[in-house]
Amino acid sequence: MEYEAVIGLETHVQLKTKSKMWCGCANAFGAPPNTNVCPVCLGMPGVLPVANDEALRLTALAGLLLNCSIPRLAMFDRKNYFYPDVAKNYQVTQLAHPSTIAGYVDFEFEGRIQRVRITRAHLEEDVGKNSHFDRHSGVDFNRGGLPLLEIVSEPDLTSPDMAYEYLNALKDILTYGGISDCDMEKGMVRCDVNISVRPKGTTGLGAKIEIKNMNTFSGVRKALEHEIPRQIEVVTKGGRLIQSTRRWDDVAGITEEMRTKEDAHDYRYFPEPDLLPFRPTDAWLNEVRSRLVELPLARKQRFIRDYQLPAGDAEVFKNDVELGNYFETVAKQSTHPKAVANWVINNLRARLGETREREVAEQAALGLELADMKLTGLADLRFTPAALVELAGLVEAKTISSSAAQQVFAEMFETGKAPATIVQEKGLAQVSDTGALEKFCDEVIAANPGPAGDFKAGKVAALNFLKGQVMKVSKGKANPGVVGEILERKLKA
Ligand SMILES: [Zn+2]
């Protein structure tokens, strides 16, 4: 019997706010332990939480970007448990009335558009971080009380690769929308994976096994690559899987059982009495809607449609938003958007990369850290978007050859001079003046009677040799297309 995997993901993402969820403490990474704390986020008796407006707005905005509905009532609940990372002995979350429900994410997977449904995206607070040392353990509450968005997917994922691409798509959407920086190294994205297997073609769900607290997307993929065959092996050998929680050991490359359903927590949820229900108004929702942005996949599809770009170019502009915006500024002024894309990707991006590499080396030698370095970016370009349009136009009109255009680009990148000025100063214009070209052709035919005779006798390849000679005589400035026409006409006469 063949088996298939059924995978659902619960993704926790830290929201990009200035302050924490219920207090004014800073939402900042990297401060010394327990320096961004106050009586509220330490859960002292008698304190009262005040909801962070921006966190509520970002949650609704995330919901809209994930095609969710925004119910007119949201409530917070207490999830009760005892653990050193929650000083209050409960975490505030949303159970029965989440801020957003029933959406979906579309993303590219194996050459088509894959849709994964979103059950809900709700708001909760992050907890502190436990650290274990040789002789003692410590808790850092700087992270405690940070606003956390939990995005719960339906079990629509069927493979480790699909889960990986879904997570990347989610990350792209949330960073595009300004919801979160999604910096994995700073622990801003964490993931719980629910997975079961069932005979292929059936619709029931097998025992749900959860792998907790994954903090890299590649880790999720690896854990699934291990866990799916493990579960299939158990059931094919006649064993029984039971609902349980496991952890992924990245070093050993295996999942291990942590607890089974029998000792699962009973969190005794109840409505948080210190917070009023939240009822979004039309005005509030309209304000949130005004912050909607174009999603990555939509942007890529629009670039392909509006500028006739190949998928590869559009992908570059999807991944590098700043470069894509720059391309659009230029392309809107040009009648040759594909040519502009080539200049931006193959020349501009490469030159900027080289320049920055050099600047990093120079400034590192002066003892500067990367964060403090001044590096050339798109805003520092010496030439205008119009100059790039002009350059693409010069090539398109065959005023200059493509190799001459490379020289022009290099010069305008360094000096900011206009392409036409550079062409004139360096004498790079192609000679299309037929009078001058006729003369070159006559000279070349007279000097090469052999190849000229070969062409007349039907050896078509001889024309290329003669064309090359004319290019040489013109010092590379002759328009090769025109030269070909003139030579053919003269030789056939
Ligand atoms: Zn605080």
Checklist line | Failed condition for A28, given (1) away from the ligand (no atom under 14 Å from the Cβ); (2) more than 21 Å from V293 (Cβ to Cβ) | finding: (1)
Next item on the list: Tell me which residues, restricted to the stretch 230-249, are surrounded by 14 or more Cβ atoms within 10 Å (Cβ to Cβ) and not aromatic (F, W, Y).
Entry: R230, Q231, I232, V234, V235, L241, Q243, S244, T245, R246, R247
Next item on the list: Give the residue that is surrounded by the most Cβ atoms within 10 Å (Cβ to Cβ), with candidates limited to residues of the stretch 31-59 that are over 28 Å from V293 (Cα atoms) and polar (S, T, N, Q).
Entry: N36
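The rows are residues; the columns are (1) away from the ligand (no atom under 16 Å from the Cβ); (2) within 30 Å of R198 (Cα to Cα); (3) part of a strand (DSSP E or B); (4) at pLDDT 95 or above.
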| residue | (1), (2), (3), (4) |
| --- | --- |
| A5 | yes, yes, yes, no |
| L42 | no, no, no, no |
| V47 | no, no, no, no |
| V50 | no, no, no, no |
| R57 | yes, no, no, yes |
Checklist line | Within the stretch 7-18, considering residues that are of a type outside the set (A, V, I, L, M, F, W, C) and more than 13 Å from the ligand (Cβ to nearest atom), the one surrounded by the most Cβ atoms within 10 Å (Cβ to Cβ) | finding: T11
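Each row is one residue, and each column tells you yes or no for (1) at pLDDT below 85; (2) touching a helix residue (DSSP H, G or I) at 6+ places or on another chain (Cβ under 9 Å); (3) open to solvent by less than 40 Å² (accessible area, probe 1.4 Å); (4) not in a helix (DSSP H, G or I).
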{"site": "E315", "(1), (2), (3), (4)": "no, yes, no, no"}
{"site": "E328", "(1), (2), (3), (4)": "no, yes, yes, no"}
{"site": "A341", "(1), (2), (3), (4)": "no, yes, yes, no"}
{"site": "V344", "(1), (2), (3), (4)": "no, yes, yes, no"}
{"site": "L348", "(1), (2), (3), (4)": "no, yes, yes, no"}
{"site": "T355", "(1), (2), (3), (4)": "no, yes, yes, no"}
{"site": "E362", "(1), (2), (3), (4)": "no, no, no, no"}
{"site": "K398", "(1), (2), (3), (4)": "yes, yes, no, yes"}
{"site": "A404", "(1), (2), (3), (4)": "yes, yes, yes, no"}
Next item on the list: Select from the stretch 179-222 the residues that are without any contact (Cβ under 8 Å) to a residue 40 or more places away in the chain, hydrophobic (A, V, I, L, M, F, W, C) and in contact with a strand residue (DSSP E or B) (Cβ under 8 Å, 6 or more places away or on another chain) and list them in ascending order.
Entry: A207, I209, M214
Notebook entry, point to check: What single numbered condition from (1) part of a loop (DSSP other than H, G, I, E, B); (2) open to solvent by 20 Å² or more (accessible area, probe 1.4 Å) fails to hold for M21?
Noted result: (2)
Checklist line | Conditions (1) within 16 Å of the ligand (Cβ to nearest atom); (2) surrounded by fewer than 16 Cβ atoms within 10 Å (Cβ to Cβ); (3) in a strand (DSSP E or B): number failed by Q91 | finding: (2)
Notebook entry, point to check: Taking the stated definitions as given, is A462 farther than 21 Å from T329 by Cα, surrounded by 11 or more Cβ atoms within 10 Å (Cβ to Cβ) and touching an Asp or Glu at 6+ places or on another chain (Cβ under 6 Å)?
Noted result: yes
Notebook entry, point to check: In the stretch 81-113, what count of residues is obtained for those that are under 18 Å from the mean Cα position of the chain (by Cα) and of a type in the set (V, I, T)?
Noted result: 2
Margin query: Yes or no: the stretch 60-70 includes at least one residue that is away from the ligand (no atom under 15 Å from the Cβ) and surrounded by fewer than 18 Cβ atoms within 10 Å (Cβ to Cβ).
Written below: yes
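Which one of these is under 19 Å from A341 (Cβ atoms), among the aromatic types (F, W, Y) and outside any helix (DSSP H, G or I): F413, F383, F409?
F383
The values are calculated or read from the model by the stated rules, or taken from the named source; none is laboratory data. Every value quoted in this text rests on a predicted model; they were computed, and no experiment measured them. Here the Cβ is made from the backbone with ideal geometry for all residues, glycine too, and neighbour counts use every protein chain on show. We work out accessible area using only protein heavy atoms, side chains counted, and drop any ligands, DNA or RNA first. Shrake-Rupley method; radii C 1.70, N 1.55, O 1.52, S 1.80 Å.
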